[in-house]
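The values are calculated or read from the model by the stated rules, or taken from the named source; none is laboratory data. As the structure is a prediction and not an experimental result, all values here were calculated from the model. So basically every Cβ, Gly included, is an ideal-geometry build from the backbone, and we count neighbours across all protein chains shown. Just the protein is used for accessible areas: all its heavy atoms, side chains included, with ligands, DNA and RNA removed. Shrake-Rupley method; radii C 1.70, N 1.55, O 1.52, S 1.80 Å.
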Amino acid sequence: MVAGGLRVLFCGINPGLLTAATGHHFARPGNRFWPVLHLSGFTPRQLKPAEQEELLSYGLGITNVVARATARADELTAAEYAEGGRLLTEKVRRLEPGWLAVVGVTAYRAAFADRTARVGPQERTIGGTRVWVLPNPSGLNAHWTTATMAEEFASLRVAAQG
């Protein structure tokens, strides 16, 4: 789900088992990515995971830090995150999106060895690509509501328009 010159390349942690089985990002029913993407104004309607290809028409794409599918992200190793960060950096340099949006602050910290990162825009750039860390939309992330996540996603949307 990537192409050159995207406005925003969203980056999940790694595929869950349902995503791996279906080939559709954020496929688990409890995941709030698709509702939040719509509520934040990135898409004119709420897309279903099976409609993920439509994102490209909005200048949006999706990738992952780590390619290996797991039931839970905490099954990933530090080495997998580090290698994922290296490969993601190569991908971003090649595709040159306006923004890289990493979905999950813990994943960002592990992939880019930045223990102090917080949700929001980062100082780091990858070539000409700016970096934004978004909250993880997993239903397991109870610290963020759908509404507060949509506000953070909307802040990125506004920044990506300018």
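Structure data summary
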read-out: Test for Arg93: is it modelled with pLDDT of 95 or more and over 16 Å from the mean Cα position of the chain (by Cα); value: yes
read-out: Hey, Ala142 open to solvent by 50 Å² or more (accessible area, probe 1.4 Å), over 12 Å from the mean Cα position of the chain (by Cα) and more than 19 Å from Gly85 (Cβ to Cβ) or not; value: yes
read-out: Among residues of segment 131-162, those that are under 28 Å from Glu90 (Cβ atoms), of a type in the set (Gly, Ala, Ser) and either in contact with a Ser or Thr (Cβ under 7 Å, 6 or more places away or on another chain) or modelled with pLDDT of 95 or more (or both), counted; value: 3
read-out: Test: residue in segment 122-130 that is closer than 19 Å to Thr89 by Cβ and of a type in the set (Ser, Thr, Tyr); value: yes
read-out: Any hit, segment 117-126, residues being closer than 22 Å to Gly30 by Cα and either in contact (Cβ under 8 Å) with a residue 60 or more places away in the chain or open to solvent by less than 20 Å² (accessible area, probe 1.4 Å) (or both); value: no
read-out: Cβ pairs under 8 Å, 6+ apart, first in segment 130-147 and farther than 14 Å from Phe26 by Cα and aromatic (Phe, Trp, Tyr), second open to solvent by 60 Å² or more (accessible area, probe 1.4 Å) and not in a loop (DSSP other than H, G, I, E, B); value: Trp132/Pro121
read-out: Long-range neighbours under 8 Å by Cβ, at least six apart or interchain, first residue more than 12 Å from Glu152 (Cβ to Cβ) within segment 34-50, second of a type in the set (S, T, N, Q) and part of a helix (DSSP H, G or I); value: Pro35/Thr146; Pro49/Thr19; Pro49/Thr22; Ala50/Thr22
read-out: Every residue from segment 146-156 that is out of contact with any Lys or Arg (no Cβ under 9 Å at 6 or more places or on another chain) and open to solvent by 40 Å² or more (accessible area, probe 1.4 Å); value: Ala147, Thr148, Glu151, Ser155
